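The values are calculated or read from the model by the stated rules, or taken from the named source; none is laboratory data. In this text, all values refer to a predicted model and were calculated from it rather than measured experimentally. Glycine gets a Cβ as well: all are built from the backbone with ideal geometry, and neighbour counts include every protein chain shown.
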Amino acid sequence: MTALLDVYGLHASYGPTRVLHGLSFSVSDRGVTTLLGGNGAGKTTTLRAICGMVARTGEITFAGQTITRSSTEHIARLGVAHVPDGRGTFTRLTVEENLELGAITRRDRNDVVDDLERVFGYFPVLQKRRGQQAGTLSGGEQQMLAIGRALMLRPRLMLLDEPSFGLAPRLVHELFDILTTLNKREGVSLLLVEQNAALALELADHAYLLETGRIVFSGAAREIREDEKIRRSYLGY
Amino acid sequence: MPAPSEEMMEAIAEPAVPEVSAPRLVGHRSVIFATLAIALVLPFLVQSFLTFQLTLVLVYAIAIIGLNLLTGFNGQFSLGHSAFYALGAYVAAMLMDKVNFPYAATLPVAGIACFVFGFLFGLPALRLEGVYLALATFALAVATPQILKLSPLEYWTGGVQGIVISKPDAPYGLPLTQDQWLYFFTLLVTVIMTLLAHNLVASRTGRAMMAIRDNPTAARSMGINIALYKSLTFGVSALYTGVAGALGAIVVQFVAPDSFTFFLSITLLVGLVVGGVGWIPGAFFGGAFVLFVPNFAESISKGLSGAVYGVMIILLIFMLPTGAAGLVRAVTQRLRGQNIR
Amino acid sequence: MELLLQQILAGLATGTIYACIALAIVMTYQAIGHLNFAQGEMAMFSTFIAWQLTQWGAPYWVAFFVTVAVSFAGGVLIELIVLRPIQHAPVLSHVAVFIGLLAILNSLAGFLWDFNVKPFPTPFGTAPLFANGFIDAHQAGMIAVTLFLLAFLYVFFRFTRVGLAMRAAAHDPVSARLVGIRVGWMTALGWGMAAAIGAIAGMMIAPVVFLEPNMMLGVLLYGFAGAVLGGLTSPAGAVIGGLIVGVIENLAGTFIPVIGGELKLTIALAIIVVVLVMKPQGLLGRPVLHRV
Ligand SMILES: Nc1ncnc2c1ncn2[C@@H]1O[C@H](COP(=O)(O)OP(=O)(O)OP(=O)(O)O)[C@@H](O)[C@H]1O
Ligand SMILES: [Mg+2]
């Protein structure tokens, strides 16, 4: 399998503070990669750096194109959908408008209507609330909306920042089933940041372990899952 | 005239406000001394009209310090400071015109009147934030010339004509012209007011003001009485601007409603931005800018002077988005970097 | 009673002027989150362009639409040239730049077209609309144009993709970028639209207040008041706010003895401040998130 996203020597900083120190990793086409690490390790920053939301240097290629100097909106238009931490829904707009915004750059307007139905299929609760202001949804519902909105882009790659955050356990499993379907059936590649390492490792084919802005371990997800020592010392389960 | 004392100068030399990222160059003792020395000899070297203009720069600087205390240090916006300036000017003019008050004694009265008015205005204005506060203060600015023109008040205010007052002579037979004397008098007031502002900002009260600016919620949880501090800041800010107004009235010997329109507020605001929001010495840069640059623009092109002025404001913001404060900060860092090497 | 009704109608007629300019103010506020102090001067300058075109012999409606187009382009250019470079500067730096812009436009208009008052044509005529003479054809036309603009904006923001993208960019620029919206262009578009609306407002107002470089100063004050009263985030609120300001101004002038006439503006503003103290979000506004 060839890499869809290739990151090489990525540095990122907030103002004068360096946060990432030369990360290299990749997400294969139709693959699932997970980034693991403790609080403040730099997982969120990594996703932001890929989308050009923080100052960065290094080499990032997506589908063969260098995007290190591209703007956030350009990267989104290439088919990278970012579900940021804290969800990033448009709280004052309605659920339906949020979903429409997910597809705002698409030209194939007829398919957009179908995709809206598809998202409602995945998350029936969104259909019930389609006219409601997004800010008035519950936390879990907003999470679903954020993922639904990302799907509306028909992305080739989804960046998911703790998608299970704030969801009830039953919903977490449902969500991961949906992510699996997306990946297996629709061929969407995923770059997944999760606190729930066990779940993430089940879905992922590759995993990278981050500590204070550096990759301290990488390998096939299966290896990590089965490596008692790493699980104990880094993932705490 | 009592010269600024040794202590006073030392106190100015204290670094201003450690908490704000204030440039320290101007806090440097030698810079203070040099500036004051130049300020003291200047009126003997330049023509009297320039002395008069420099006096007005100081007057504007005091008013801008007042605005800075409110906006830069407490985070409240005001488009209404022309009203406080006008109140100070009219209090001084009326006291001198109607009850023969000595000019120097009008300053504290004008200051207190403006403090009370500002404090009372601040109380309801507290509920307003951002644009809404801007609108309320804006209303005040717009109302001021209209109220000053009101026919029932004409006996005191002189209506549209305003009030003419006479220029004071230098006391004790000092060998100074009227313009020179007024300059030194204003300089003394300016030094005192600047000092007090420095001390206020560095005090616990000042820290509370800034805490409210930076994070009202956290400030409240720290037990700071936000309502009280905001109103007090409004009062103090008005006091400064009112004293400036009184001085301005004495210096130009004339008050009239149309000198105190909304555009005066705008002028003060431009001076504040040009000098640097949240940096007290910036007021002197700002005062000089709003006094001299329009004249300079006029000298470039009579017909397009407004356009030249506008272009200069915009270019200045492009080059120095944070005003003179940013420039001084950069220069200071340069110098410091060289010292280390 | 007759007098009251007459004054309310007259107030609505002047209020329409304020509503027009308030609409432009709200547009800019939506696009950039600032009050644009140069809005009035931009409208004035546009109106002079229209006047110049009619002087050159252009028919009214040709001049009208050319002016709207030129103003739109001018608004976009101002955003790109003057505001884009300082987009990360503090709020007060923006205010200073607006003031600079105001000075430039005012002085340039005086230089190009001098400060003499000029009559400006109206396409609607000035005949009284009804026999009782409460409201004339121009005022009625102005109300119609304002309502049309409002309807246009409503449809634009509610039902078009660009309108939706603009709202998203204004509410949450970061998330808007993540869905691929070119936020910078949306801001420029907002400026263009605000300038175009301002131009229409100027051309509607000019026949009433006459054309000269300072024609907008007073109107802008009332426009601000109307926009803020309406809540700054809602075009409909801006129009309602503008109308209310017009009515209050007229009633204060007529019914408050002695000082009423001299303090019309002051009283109107004072009432608005009182309203705001009781209802800090404005009549139809949403909470403002600490922006000026
Ligand atoms: N906006 C910011 N400005 C300055 N520093 C930041 C900013 N955001 C994050 N940081 C710093 O960057 C480092 C990495 O943060 P990041 O959010 O990427 O961590 P994370 O791995 O996502 O942690 P978590 O699991 O808690 O979400 C932290 O030390 C954090 O303090
Ligand atoms: Mg994170």
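Structure data summary
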item	result
Complete set of residues in the range C:211-224 that are more than 11 Å from the chain's Cα centre (by Cα) and modelled with pLDDT of 85 or more	C:L211, C:E212, C:P213, C:N214, C:M215
Residue in the range C:37-47 that is in contact with a helix residue (DSSP H, G or I) (Cβ under 8 Å, 6 or more places away or on another chain), touching a residue at least 40 places away in the same chain (Cβ under 8 Å) and not in a helix (DSSP H, G or I) present	yes
Filtered residue count, the range C:99-112, keeping only those that are more than 8 Å from chain B (Cβ to nearest Cβ) and either modelled with pLDDT under 90 or surrounded by fewer than 19 Cβ atoms within 10 Å (Cβ to Cβ) (or both)	1
Scope the range B:287-330; condition at the interface with chain C (Cβ under 7 Å from one of its Cβ atoms) and part of a helix (DSSP H, G or I); matching residues	B:S305, B:G306, B:A307, B:Y309, B:G310, B:V311, B:I313, B:I314, B:I317, B:F318
Condition check for B:V236: in contact with a helix residue (DSSP H, G or I) (Cβ under 9 Å, 6 or more places away or on another chain) and within 23 Å of B:G111 (Cβ to Cβ)	yes
Of the criteria (1) over 15 Å from A:G37 (Cβ atoms); (2) at pLDDT below 90; (3) more than 16 Å from ligand 1 (Cβ to nearest atom), which one A:L153 fails	(2)
Residue in the range A:164-194 that is surrounded by the fewest Cβ atoms within 10 Å (Cβ to Cβ), counting only those that are within 16 Å of ligand 2 (Cβ to nearest atom) and under 13 Å from the mean Cα position of the chain (by Cα)	A:F165
3 or more residues within 24 Å of the chain's Cα centre (by Cα) and small (G, A, S): qualifying helices (runs of 4 or more DSSP H) within the range C:113-186	C:137-159, C:161-171
The range A:102-117, residues that are surrounded by 15 or more Cβ atoms within 10 Å (Cβ to Cβ) and in a helix (DSSP H, G or I)	A:G102, A:V112, A:D115, A:L116
Number of positions in the range A:21-45 that are within 16 Å of ligand 2 (Cβ to nearest atom), more than 12 Å from A:L209 (Cα to Cα) and hydroxyl-bearing (S, T, Y)	2
Top-ranked residue in the range A:199-237 [being touching a Lys or Arg at 6+ places or on another chain (Cβ under 8 Å) and in a helix (DSSP H, G or I); ranked as surrounded by the most Cβ atoms within 10 Å (Cβ to Cβ)]	A:L201
Residue in the range A:46-93 that is farthest from the other protein chains (Cβ to nearest Cβ), counting only those that are without any contact (Cβ under 8 Å) to a residue 40 or more places away in the chain and within 16 Å of ligand 2 (Cβ to nearest atom)	A:A49
Boolean, B:L176 is over 16 Å from B:S259 (Cβ atoms) and either touching a strand residue (DSSP E or B) at 6+ places or on another chain (Cβ under 6 Å) or part of a helix (DSSP H, G or I) (or both)	no
In the range A:186-205, residue farthest from ligand 1 (Cβ to nearest atom) [restricted to those that are touching a helix residue (DSSP H, G or I) at 6+ places or on another chain (Cβ under 6 Å) and not aliphatic (A, V, I, L, M)]	A:D205
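Conditions tested, residue by residue: (1) of a type outside the set (S, T, N, Q); (2) touching a Ser or Thr at 6+ places or on another chain (Cβ under 6 Å).
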position	(1), (2)
B:Y240	yes, no
B:A246	yes, yes
B:S259	no, no
B:W279	yes, no
B:F296	yes, no
B:S299	no, no
B:G306	yes, yes
B:Y309	yes, no
B:R334	yes, no
